[in-house]
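**Student:** A single structure is presented below for examination.
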Amino acid sequence: MTRLTRIAGLGHYVPPRVVTNHDLEQLMDTSDAWIQERSGIQERHFAADDTTCTDMAAEAARHALDAAGWTPDDVQFIVFATLSPDLFFPGNGVLLQHQLGLGEVGAMDIRNQCTGFVYGLSAADGLIRMGTYDRILLIGAELQSPALRLTTEGRDTAVLFGDGAGAACLEVTGGRDGSHVLGHRMHSNGKYALELCIRRPGAANRPWISKEMIDDGSSGIYMNGREVFKHAVTKFPAVILEVLADHGVTPDQLALVIPHQANMRITEAVRKRLDLPEAKVYSNIQRYGNTTAGSIPIAFSEAVRAGTVKRGDLVCLASFGSGFTWAASLLRY
Ligand code: ACO
């Protein structure tokens with residue numbers, strides 16, 4: 001039998017606390033108008049102080065397991081993408097294995113920031129195709145609010161990011177005619193690694209952590225927004241067109257493009273470049289902000305629950321982000 005991968009079920013979770021642009025106006029010199037005009041964001045969700053990234057991932061995973069009709073015992077391997085792990089090490093994969101009470105299944109962590117879910121999907125797809133596993137739980141989750149500087153000094157990034165988690169249950173399938181993942185394209189250019197990063201703490205520093213790093217704000221998120229924007233609007237459509245060309249698909253054949261929710265203006269630029277109507281490019285950044293590795297699975301899970309994506313539909317997932325990395329996956333849902 002040809003071994004292919006299908007998405008058996010999707011789930012997502014965002015913490016209940018909603019933080020609006022008006023709430024941020026109380027904390028820093030910003031405005032609802034500035035944030036909406038530059039990013040499209042109206043509100044985002046921030047986790048409570050006692051919630052971890054693994055907690056949110058576990059909630060999303062339970063929803064995905066329900067959707068797939070799996071029990072926890074069905075999970076044979078975990079792939080967990082996040083840039084906001086609970087601990088510096090070990091990664092969240094093992095924490096999720098323990099929290100969900102799974103058997104001693106393997107767990108792998110992906111550090112690819114905004115492209116984490118697509119890179120993770122390609123890794124899981126490869127493991128399934130090779131016959132290593134039949135059923136894999138893939139997570140994209142972020143708890144970013146504790147790293148945001150909610151002050152005027154941190155406003156350039158603090159207004160953009162939110163918390164949330166998405167999960168996909170992936171299983172082996174034999175049918176080329178039914179639902180399956182078609183393929184992936186992945187790129188990186190580390191020349192731009194420091195244009196969007198958290199530089200400290202890190203083992204390149206001596207000492208690797210110090211009180212000064214916290215006091216001077218250098219342990220916070222740094223982003224050269226204009227540089228990110230410039231690359232995102234060209235790399236996003238390029239990688240989408242690459243993966244479509246690999247499989248002889250044209251943009252008009254897609255039921256939906258689910259881009260990483262980085263910024264409404266980036267999504268709009270991608271949509272125009274591909275000449276697609278608004279209804280064919282998913283957008284929920286208005287409600288969640290940028291949830292990095294969480295954004296694609298949250299959007300995908302929402303789109304399936306809303307009936308926007310149906311079984312058999314051609315869907316393209318695409319992302320650009322820190323690294324820089326950019327990637328796309330094409331699948332028949
Ligand atoms: N509220 C009010 N004013 C602000 C804020 C804020 N939150 N943040 C910055 N400003 C000010 C700046 O200080 C600057 O003031 P000045 O002109 O007096 O110096 C002014 O607004 C313009 O700042 P710019 O950085 O030039 O604003 P720009 O129009 O480039 O928009 C933005 C900034 C939204 C970050 C834009 O560069 C962008 O969309 N970049 C893409 C980056 C992105 O989407 N990142 C998401 C994470 S990465 C990813 O997921 C792909």
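**Student:** Work out the length of the dipole vector of the stretch 4-173 about its Cα centre, built from +1 on the beta-carbon of each Lys and Arg and -1 on the beta-carbon of each Asp and Glu, and round it to the nearest 20 debye.
**Tutor:** That gives a dipole near 460 debye.
**Student:** For the chain, what does -39500 (n - 2.57) per DSSP helix run (n ≥ 4), summed and divided by total residues, give at 222 nm, in deg cm²/dmol to the nearest 500?
**Tutor:** -9500 deg cm²/dmol
**Student:** May I ask you to derive the relative contact order of the stretch 253-333, considering only C-alpha pairs under 8 Å and at least 6 residues apart, and to give it as an integer percent?
**Tutor:** Computed value for the stretch 253-333: 37 percent relative contact order.
**Student:** Give the Kirkwood hydrodynamic radius (Å, one decimal) of the stretch 4-173, defined as one over the mean of 1/r across all pairs of different Cα atoms.
**Tutor:** Evaluated over the stretch 4-173, this radius sits at 16.7 Å.
**Student:** So if I average 1/r over every pair of distinct C-alpha atoms in the stretch 175-333 and take the inverse, what Kirkwood radius in Å does that give?
**Tutor:** 16.9
**Student:** Also, I was wondering about something else. Along each principal axis of its Cα atoms, how long is the chain end to end? Whole angstroms, biggest number first, please.
**Tutor:** 59, 47, 37
**Student:** To make sure I understand the rule: partners must be lysines, Cα under 29 Å from the Cα of Lys230, and not fewer than 8 residues away in the same chain. Which ones qualify?
**Tutor:** Reachable lysines: Lys191, Lys272, Lys280.
**Student:** Next up: How would you order 113-124, 44-55, 83-94 from highest to lowest mean count of nearby Cβ atoms within 10 Å?
**Tutor:** 113-124, 44-55, 83-94
**Student:** Further question on the same structure: Go ahead and run the numbers for FRET between Lys310 and Asp215, Cβ-Cβ distance against an R0 of 56 Å, rounding to 0.05.
**Tutor:** Calculated transfer efficiency: 0.60.
**Student:** Also: Can you tell me the 0 to 90 degree angle between the C-alpha axis of helix 264-274 and the longest principal axis of the chain, rounded to 10?
**Tutor:** Tilt of helix 264-274: around 40 degrees.
**Student:** Considering every pair of different Cα atoms, what Kirkwood radius, in Å, is found for the stretch 159-251?
**Tutor:** So the Kirkwood estimate lands at 17.6 Å.
**Student:** Among bridges DSSP assigns within the stretch 1-156, what percent are antiparallel (round to 5)?
**Tutor:** 25
**Student:** Restricting to the chain, compute how many DSSP beta bridges are antiparallel as a %, nearest 5.
**Tutor:** Numbers: 38 of 54 bridges.
Of all bridge pairs located within the chain, approximately 70 percent are antiparallel.
**Student:** Further, regarding this structure: Could you check the simple spin-label distance between Ala238 and Glu37, using points 7 Å along Cα→Cβ, in nm with one decimal?
**Tutor:** 3.1
**Student:** Also, quick follow-up: Taking Cα pairs under 8 Å and at least six residues apart, what relative contact order does the chain come out at, in percent? All intermediate terms of the calculation are to be shown ahead of the outcome.
**Tutor:** Details: 794 pairs, mean separation 86.4, N = 333.
RCO, the chain: 26 percent.
**Student:** Give the calculated FRET efficiency between Ala48 and His247 to the nearest 0.05, with a Förster radius of 41 Å applied to their Cβ-Cβ distance. If you can, show how the numbers build up before the last one.
**Tutor:** Working: r = 43 Å, r/R0 = 1.05.
Between Ala48 and His247 the formula returns 0.45.
**Student:** A further question on this structure: How big is Rg to Rh over the stretch 45-100, alpha-carbon atoms, Rh as the Kirkwood inverse-mean-distance radius?
**Tutor:** Taking Rg over the Kirkwood Rh, I get 0.97.
**Student:** Would you be so kind as to identify which of Thr157, Val257, Leu137 lies farthest towards the positive end of the dipole of the chain, taking Lys and Arg as +1 and Asp and Glu as -1 on Cβ and the Cα centre as origin?
**Tutor:** Final value for the positive-end residue is Val257.
**Student:** If the elastic network links every pair of Cα atoms under 10 Å, which of Lys310, Lys191, Lys235 fluctuates the most in the Gaussian network model of the chain?
**Tutor:** Lys191
**Student:** In 10 Å bins starting at 0, how do the alpha-carbon pair distances of the stretch 106-221 split up by percent?
**Tutor:** 11, 31, 29, 19, 9, 2
**Student:** Kindly work out what percent of the DSSP beta bridges joining two residues of the stretch 245-333 are antiparallel, to the nearest 5.
**Tutor:** If we restrict to bridges inside the stretch 245-333, about 60 percent are antiparallel.
Since every read-out is calculated from the coordinates, none of them should be taken as a lab result. As the structure is a prediction and not an experimental result, all values here were calculated from the model. A quick note on method: Cβ atoms are made from the backbone with ideal geometry, for glycine too, and the neighbour counts reach across all protein chains shown.
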